[in-house]
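Reviewing the structure listed below.
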Amino acid sequence: MQVKETVKNPRPGDGTPGPGRPKGVPNKTTALLKDAVLKAAETAGGGEPDGLVNYLIVQAKQNPAPFMTLLGKVLPTQVSGEDEGICVTIRQIVEHHDKD
(Lines give C-alpha, C1' and ligand atoms only; values in the text may rest on other atoms or scores of the structure.)
Protein backbone atom coordinates (compact mmCIF):
# COMPACT_ATOMS: atom_id res chain seq x y z
CA MET A 1 0.00 0.00 0.00
CA GLN A 2 1.36 3.38 -0.97
CA VAL A 3 1.04 6.40 1.38
CA LYS A 4 0.09 9.60 -0.33
CA GLU A 5 1.74 12.74 1.07
CA THR A 6 -0.25 15.93 0.96
CA VAL A 7 1.52 19.20 0.35
CA LYS A 8 0.70 21.89 2.87
CA ASN A 9 -0.64 25.11 1.46
CA PRO A 10 1.69 28.00 2.33
CA ARG A 11 0.33 30.41 4.91
CA PRO A 12 1.09 34.11 5.42
CA GLY A 13 4.01 34.54 7.76
CA ASP A 14 5.93 31.43 6.73
CA GLY A 15 8.09 33.28 4.21
CA THR A 16 5.61 33.41 1.39
CA PRO A 17 3.73 36.61 0.55
CA GLY A 18 0.16 36.63 1.70
CA PRO A 19 -2.82 38.65 0.62
CA GLY A 20 -2.71 42.41 0.90
CA ARG A 21 -0.51 45.18 -0.36
CA PRO A 22 3.24 44.63 -0.74
CA LYS A 23 5.58 45.85 2.00
CA GLY A 24 6.43 49.54 1.68
CA VAL A 25 3.38 50.51 -0.36
CA PRO A 26 1.40 53.13 1.60
CA ASN A 27 -2.20 52.53 2.53
CA LYS A 28 -4.43 54.25 -0.05
CA THR A 29 -6.55 55.96 2.63
CA THR A 30 -3.44 57.21 4.45
CA ALA A 31 -1.98 58.64 1.23
CA LEU A 32 -5.28 60.39 0.39
CA LEU A 33 -5.53 61.87 3.89
CA LYS A 34 -1.92 63.09 3.77
CA ASP A 35 -2.51 64.77 0.39
CA ALA A 36 -5.70 66.40 1.69
CA VAL A 37 -3.97 67.75 4.82
CA LEU A 38 -1.09 69.18 2.75
CA LYS A 39 -3.52 70.78 0.29
CA ALA A 40 -5.54 72.32 3.15
CA ALA A 41 -2.35 73.74 4.70
CA GLU A 42 -1.27 75.19 1.34
CA THR A 43 -4.67 76.80 0.89
CA ALA A 44 -4.67 78.18 4.46
CA GLY A 45 -1.27 79.70 3.72
CA GLY A 46 -2.48 81.57 0.65
CA GLY A 47 -2.04 78.93 -2.03
CA GLU A 48 0.85 77.92 -4.25
CA PRO A 49 3.83 78.07 -4.43
CA ASP A 50 4.63 79.07 -0.83
CA GLY A 51 1.29 78.28 0.80
CA LEU A 52 2.51 75.44 2.97
CA VAL A 53 5.57 77.39 4.13
CA ASN A 54 3.42 80.46 4.87
CA TYR A 55 1.00 78.34 6.90
CA LEU A 56 3.84 76.77 8.90
CA ILE A 57 5.31 80.22 9.64
CA VAL A 58 1.97 81.32 11.08
CA GLN A 59 1.75 78.14 13.16
CA ALA A 60 5.31 78.61 14.45
CA LYS A 61 4.35 82.08 15.71
CA GLN A 62 0.88 81.28 17.07
CA ASN A 63 1.55 77.78 18.43
CA PRO A 64 5.26 77.56 19.23
CA ALA A 65 5.15 74.51 21.55
CA PRO A 66 3.41 72.13 19.09
CA PHE A 67 5.49 73.56 16.25
CA MET A 68 8.72 72.83 18.15
CA THR A 69 7.52 69.26 18.69
CA LEU A 70 6.97 68.93 14.96
CA LEU A 71 10.34 70.52 14.25
CA GLY A 72 12.07 68.07 16.57
CA LYS A 73 10.63 65.17 14.57
CA VAL A 74 11.78 66.43 11.18
CA LEU A 75 15.18 68.00 11.94
CA PRO A 76 18.19 65.83 11.19
CA THR A 77 20.04 64.77 14.32
CA GLN A 78 23.53 63.32 14.41
CA VAL A 79 24.60 61.09 17.28
CA SER A 80 28.17 59.83 17.38
CA GLY A 81 29.75 57.69 20.07
CA GLU A 82 33.35 58.38 21.00
CA ASP A 83 35.70 57.30 23.77
CA GLU A 84 34.73 60.43 25.72
CA GLY A 85 30.97 59.80 25.51
CA ILE A 86 28.17 60.69 23.14
CA CYS A 87 28.07 63.90 21.13
CA VAL A 88 24.70 65.14 19.80
CA THR A 89 24.63 67.78 17.07
CA ILE A 90 21.39 69.57 16.18
CA ARG A 91 21.37 71.83 13.17
CA GLN A 92 19.29 75.00 13.33
CA ILE A 93 17.77 76.38 10.15
CA VAL A 94 16.70 80.02 10.25
CA GLU A 95 15.04 81.81 7.35
CA HIS A 96 14.59 85.56 7.26
CA HIS A 97 11.86 87.22 5.23
CA ASP A 98 12.13 90.87 4.20
CA LYS A 99 9.02 92.90 4.97
CA ASP A 100 7.79 95.20 2.23
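The values are calculated or read from the model by the stated rules, or taken from the named source; none is laboratory data. It should be emphasised that the depicted structure is a prediction, and the values quoted were computed from it without experimental measurement. Because the Cβ atoms are built from the backbone with ideal geometry, glycine has one as well, and the counts that use them run over all protein chains shown.
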TODO: Provide a single number: the residues in the range 20-34 that are surrounded by 10 or more Cβ atoms within 10 Å (Cβ to Cβ) and not in a loop (DSSP other than H, G, I, E, B).
DONE: 4
Task: Odd one out for Met1 among (1) part of a loop (DSSP other than H, G, I, E, B); (2) at pLDDT below 90; (3) under 30 Å from Val58 (Cα atoms) - done: (3)
Open item on the list: Looking only at the range 16-51, count every residue that is small (Gly, Ala, Ser) and modelled with pLDDT under 80 and tell me the total.
Closed with: 3
